[in-house]
Amino acid sequence: MTRRERRCDGGSRIISRRRILQLSGAAAWGSGPGRPVTAALASPDPAAASRPFPWIGLKFTSRGKLLPCPGNTIVCPIDIDGPAAALMAYRATIAAEPYADKLVFTPPSSYHMTVFEGVVDLVRKPGFWPADLPLDAPLGQCDRVFLEKLETFDLGCEPRFRMKVAEGASNGDVRPGEAIRLIPVDAAEEAKLRGLRDRLSDLLKLRQPGHDTYRFHTTQTYAIAPLTEAEAARYRVVRREAIAALAAALPVLELGPPAFCFFDDMFQFRPRLRLARRRP
């Protein structure tokens, strides 16, 4: 099975082809009393369509070839035998689209929600590298320092995190290839995750730009080429319905304890240590 295939094992199309054709036809011709649907689906940031994809040359080539991109991260894996099934159905819907060759699809075995970003070996500058290590320190040294610190780290909370799929424009009217935004189910879960991120930042001496406003997400696709205006309009229609179906299928996404992982690329994250609550 290749990463650009249009279906995935165990997946299903969560929007009928007839409905997609109806939607794409509406996007092309408009509906209602003089109001074209394309106006309602316009990107909230028209300049976004022309911005380069930041992962091209770092994570993938412009032809979609996977590039070496080693680093480390702290993530909550998504169980392939559980909630990943709903994400695979979402993935299959997007993969069935006629512009799917402009996207790269990550394997379900890699599905996760990032809790704390860690480092990428190829990105070495203040804010993206631990402050207590030289910018030219080998990645292996960073891995060892992080692992030693995390071995005695107290998760400080129950090792369960309850998320839900964000609905509305923040997850629907987005640039093609964007990740699926996840939000905590309530204020208590929000505080738990934000507090954990702050303590990890202090421990690992790493605080990336945007730390306080970080958006939790899970990634199934990366765009490698811009969509045409018509394709982008169709994508937003299909994505809106696919997100709504995903939110209905996963009213609560319960995630287990975060794992400190090593990775060589974006298709595999190897757990080295699961964070634990060490005091009652």
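The values are calculated or read from the model by the stated rules, or taken from the named source; none is laboratory data. On a predicted model such as this, the values are computed, not experimentally measured, just so you know. Counting neighbours? That spans all protein chains shown, and the Cβs are built from the backbone with ideal geometry, glycine included.
Of everything listed in (1) among the aliphatic types (A, V, I, L, M); (2) outside any helix (DSSP H, G or I); (3) in contact with a Ser or Thr (Cβ under 7 Å, 6 or more places away or on another chain), the single unmet condition for A242 is (2). Restricting the first member to the range 260-277 and to residues that are closer than 13 Å to V119 by Cα, and the second to residues that are in a strand (DSSP E or B) and charged (D, E, K, R), the beta-carbon pairs closer than 9 Å and six or more apart or on different chains are F260/R272; F260/R274; C261/R270; C261/R272; F262/R270; F262/R272; F263/R270; D264/R270. Can you say whether V115 is crowded, with 21+ Cβ neighbours inside 10 Å, more than 13 Å from the chain's Cα centre (by Cα), in contact (Cβ under 8 Å) with a residue 60 or more places away in the chain and outside any helix (DSSP H, G or I), as far as the supplied structure shows? No; evaluated as a whole, the condition is false for this residue.
Before we move on, is R144 under 27 Å from R272 (Cβ atoms), surrounded by fewer than 17 Cβ atoms within 10 Å (Cβ to Cβ) and of a type outside the set (D, E)?
Numbers: under 27 Å from R272 (Cβ atoms): yes; surrounded by fewer than 17 Cβ atoms within 10 Å (Cβ to Cβ): yes; of a type outside the set (D, E): yes.
Considered against the rule, which asks whether it is under 27 Å from R272 (Cβ atoms), surrounded by fewer than 17 Cβ atoms within 10 Å (Cβ to Cβ) and of a type outside the set (D, E), R144 comes out as yes.
Just wondering, is there one or more residues in the range 192-209 that are aliphatic (A, V, I, L, M), within 30 Å of R144 (Cβ to Cβ) and in contact with a helix residue (DSSP H, G or I) (Cβ under 7 Å, 6 or more places away or on another chain)?
For the range 192-209, residues aliphatic (A, V, I, L, M), within 30 Å of R144 (Cβ to Cβ) and in contact with a helix residue (DSSP H, G or I) (Cβ under 7 Å, 6 or more places away or on another chain): present.
The single condition from (1) without any contact (Cβ under 8 Å) to a residue 24 or more places away in the chain; (2) under 29 Å from I80 (Cβ atoms); (3) of a type in the set (G, A, S) that A249 fails is (1). Applying the set (1) in contact with an Asp or Glu (Cβ under 8 Å, 6 or more places away or on another chain); (2) surrounded by fewer than 16 Cβ atoms within 10 Å (Cβ to Cβ) to A244 leaves exactly one unmet item: (2).
Going by the conditions given, is F146 outside any helix (DSSP H, G or I), at negative phi, at pLDDT 95 or above and not β-branched (V, I, T)? No, not satisfied. Only a single item in (1) in contact (Cβ under 8 Å) with a residue 40 or more places away in the chain; (2) farther than 30 Å from P159 by Cβ is not met by N72, and it is number (2). One residue is enough: does the range 222-233 have a residue meeting the conditions part of a helix (DSSP H, G or I), over 24 Å from L147 (Cα atoms) and of a type in the set (S, T, Y)? Checked against the condition, which is being part of a helix (DSSP H, G or I), over 24 Å from L147 (Cα atoms) and of a type in the set (S, T, Y), the range 222-233 yields no hits at all.
Taking the range 148-198, which residues are β-branched (V, I, T) and surrounded by fewer than 17 Cβ atoms within 10 Å (Cβ to Cβ)?
T152, V185, listed by residue number.
When residues in the range 247-256 are screened for being crowded, with 17+ Cβ neighbours inside 10 Å and not in a helix (DSSP H, G or I), 3 of them pass.
Within the range 61-70, can one find any residue that is part of a helix (DSSP H, G or I) and over 30 Å from L150 (Cα atoms)?
Just the residues of the range 61-70 that are part of a helix (DSSP H, G or I), to begin with: none.
Within the range 61-70, not a single residue is part of a helix (DSSP H, G or I) and over 30 Å from L150 (Cα atoms).
Filter the range 264-280 down to residues that are within 24 Å of W55 (Cα to Cα) and crowded, with 19+ Cβ neighbours inside 10 Å and give me whichever is farthest from the chain's Cα centre (by Cα). Checked the range 264-280; the qualifying residue farthest from the chain's Cα centre (by Cα) is F269.
Give the residue that is surrounded by the most Cβ atoms within 10 Å (Cβ to Cβ), with candidates limited to residues of the range 203-227 that are more than 22 Å from T106 (Cα to Cα) and touching a residue at least 40 places away in the same chain (Cβ under 8 Å).
Step one: list which residues in the range 203-227 are more than 22 Å from T106 (Cα to Cα), which gives 203-213.
With touching a residue at least 40 places away in the same chain (Cβ under 8 Å) added as a condition, the list becomes 203-209.
Numbers: L203: 14, L204: 24, K205: 14, L206: 22, R207: 17, Q208: 15, P209: 10.
Step by step, filter the range 203-227, then rank; the result is L204.
Cβ-Cβ contacts under 8 Å between residues 6 or more apart (or on different chains), taken from a first residue in the range 174-191 that is over 17 Å from A245 (Cβ atoms) and touching a residue at least 24 places away in the same chain (Cβ under 8 Å) to a second residue that is crowded, with 19+ Cβ neighbours inside 10 Å and among the small types (G, A, S), are listed as R175/A223; P176/A223; P176/A232; G177/A223. For the range 74-86, filtered to residues that are surrounded by 21 or more Cβ atoms within 10 Å (Cβ to Cβ) and out of contact with any helix residue (DSSP H, G or I) (no Cβ under 7 Å at 6 or more places or on another chain), the residue that is farthest from L250 (Cα to Cα) is V75.
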